[in-house]
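What follows is a short report on a single structure.
The values are calculated or read from the model by the stated rules, or taken from the named source; none is laboratory data. Predicted model, so just to flag it, every value in this text is computed and none were measured. We place every Cβ from the backbone using ideal geometry, glycine too, and count neighbours over all the protein chains shown.
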2 protein chains.
Amino acid sequence: MPEPARNGEFALIAALRRRLGAASLPGEVHSGDDTAVLLPPASPLLFATDVAVERVHFDLAFSSPADAGWKVAVANLSDVAAMGGRPTHVVAGVAGRGTRLLEEVFEGLLEACRAYETALVGGDLSHSEQLFLSVAILGQAPPSGAVLRSGGRPGDELYCTGPLGAAAAGLSRLRQDGRATGRLVEAFLRPRARVREGSLAARLGASAMIDISDGLAQDLSHLTAASGVGAELEGVPVAEGASEQEALSGGEDYELLFSVAPGTDVEQAFAREALAPPVRIGRLVAEPARLSLRGEPLEPRGYSHGFG
Amino acid sequence: MPEPARNGEFALIAALRRRLGAASLPGEVHSGDDTAVLLPPASPLLFATDVAVERVHFDLAFSSPADAGWKVAVANLSDVAAMGGRPTHVVAGVAGRGTRLLEEVFEGLLEACRAYETALVGGDLSHSEQLFLSVAILGQAPPSGAVLRSGGRPGDELYCTGPLGAAAAGLSRLRQDGRATGRLVEAFLRPRARVREGSLAARLGASAMIDISDGLAQDLSHLTAASGVGAELEGVPVAEGASEQEALSGGEDYELLFSVAPGTDVEQAFAREALAPPVRIGRLVAEPARLSLRGEPLEPRGYSHGFG
């Protein structure tokens, strides 16, 4: 029962088609048909989706529509990064109040796609009262195979690709002052997906990996549960200006958490690729579900909606 | 800024993970990690997305949440059918008011996936005030190559896989009586995707194909515009109980419209596979954008939101 498409909506669709342009590979078709047609990849496919809903995942009092578009794309890109994979294609569904809003959302989506060399190859638009964004992503697994959450072994060392809590601290700043700016606010509004870092962790033989979208404690508990192990954290890398609580449960930093065999020279490998040094935060232990921080029990608290 | 997941939401995620079950192919991972991991296909990939929004695409006064889930899945399945392809995997994002509603939506999504032998391999859930569904689908192109909208040539014969207007007539019945039942109402609430028909049309060498989701006149105009041709319709196959206007502009029937070289024995090929006979409705002509029905100009009116 779709409502008649308005002229503005048709014009936006035409403009988006022009911006997306033709497929770059012979034999591929991107936007403009019933589906995109993509050449078959040589390695296994990665496939995931994330949604973002106004007043649940973002608030237009703090985030621009383009920020919301960027962020839902990054959430998807980060899922591929957490498998050690390379993102290749996305499709996007966006519903909102009027074409100007939809156009601004797509600005942010396209910025993120360009930044991560990922092609937006199709989508669907609709009117809605509450702004809703969905992105589905395709990626290619690394040659060594996708890094699952389930491969962690007792004794493996745990690394985090960077300090945590900046996004939560940025949100806190924005709640105090909707016009706040700076590094923490930027971390909240325009997070980065650690695609290069995830790819390198896969090449280093990471045994398990997950992106920290729901908070370190929560996402660590997903990794340890899938691997049937526990974890002892010696500390938590806290971003400058954030609290340890924000680092533990804030979420939305999109750093990667991975485990790797003891003795792997992770720091030097990252330095060789000019990537920021990952932080060793502890190790996996045999007791299932036992999570501790500096010897004290750690409660897996955080936020989760996905079942992917 | 996700809100804390409630226990009900976690329980639903766990229940969905159990229902989706393990991947059936060695080396594949479906739900339960950051992304699904799928074996690389031999033929080109088809990739698309469709969204459905409460009070825009469906009304819970007429459609159950499961009906809405079924229908958005079929809209996606139909896009793959319209390329002549075989649907293989979907991911779904659903946002709504409470876990019971989300669970019912997934009932319908899973029914459609089972009916079309397509695996639901991941998803994302959220709270929202307005119910929102998004599905992204992967499929495999047919061995002869995906059938685009753009390959139609003057002189090709136009076929439709079945009579049109039933869905629009069913909606009209429901608007008069929210409890109406019957074949037309069923066509509106639980449309079918013509996957076998699309596959056969590809094997018969269809030069162009599109699914009729926005109404025959609208979707024909998409096919002829992409092919740089016009079309002369001799008639419109009207479903029993529907009007010709409903058949021309109603949409949501999800029959396929395809063009094929003159003389192709389409009817017999469909009969051999025990498929309902397609209806020959006219032919493509050289004059671009010239659309006619029984010699009178035909206005491309209908509904469209996609830019895929």
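Annotations for the structure displayed:
- Inspection of region B:206-217 finds a residue satisfying the criterion of being polar (S, T, N, Q), in contact with a Ser or Thr (Cβ under 8 Å, 6 or more places away or on another chain) and modelled with pLDDT under 95.
- Conditions (1) in a loop (DSSP other than H, G, I, E, B); (2) surrounded by fewer than 24 Cβ atoms within 10 Å (Cβ to Cβ); (3) more than 7 Å from chain A (Cβ to nearest Cβ); number of the one not met by B:V56: (3)
- Residue within region A:70-78 that is surrounded by 24 or more Cβ atoms within 10 Å (Cβ to Cβ) and basic (K, R) present: yes
- Sole residue being within 24 Å of B:G27 (Cβ to Cβ) and of a type in the set (S, T, Y), chosen from B:T49, B:T99, B:T88: B:T88
- You will find that of B:E299, B:E267, B:E232, B:E252, the residue that is part of a loop (DSSP other than H, G, I, E, B) and farther than 19 Å from B:G170 by Cα is B:E299 and no other.
- Subset of region A:76-99 [over 16 Å from A:E54 (Cα atoms) and among the basic types (K, R)]: A:R86
- Single unsatisfied condition, A:G178 versus (1) assigned to a loop (DSSP other than H, G, I, E, B); (2) under 23 Å from A:G235 (Cα atoms): (2)
- Subset of region A:241-271 [more than 13 Å from A:E197 (Cβ to Cβ) and among the charged types (D, E, K, R)]: A:E244, A:E246, A:E252, A:D265
- Selection from region A:64-100 of residues that are facing chain B (nearest Cβ under 9 Å) and assigned to a loop (DSSP other than H, G, I, E, B): A:A82, A:M83, A:G85
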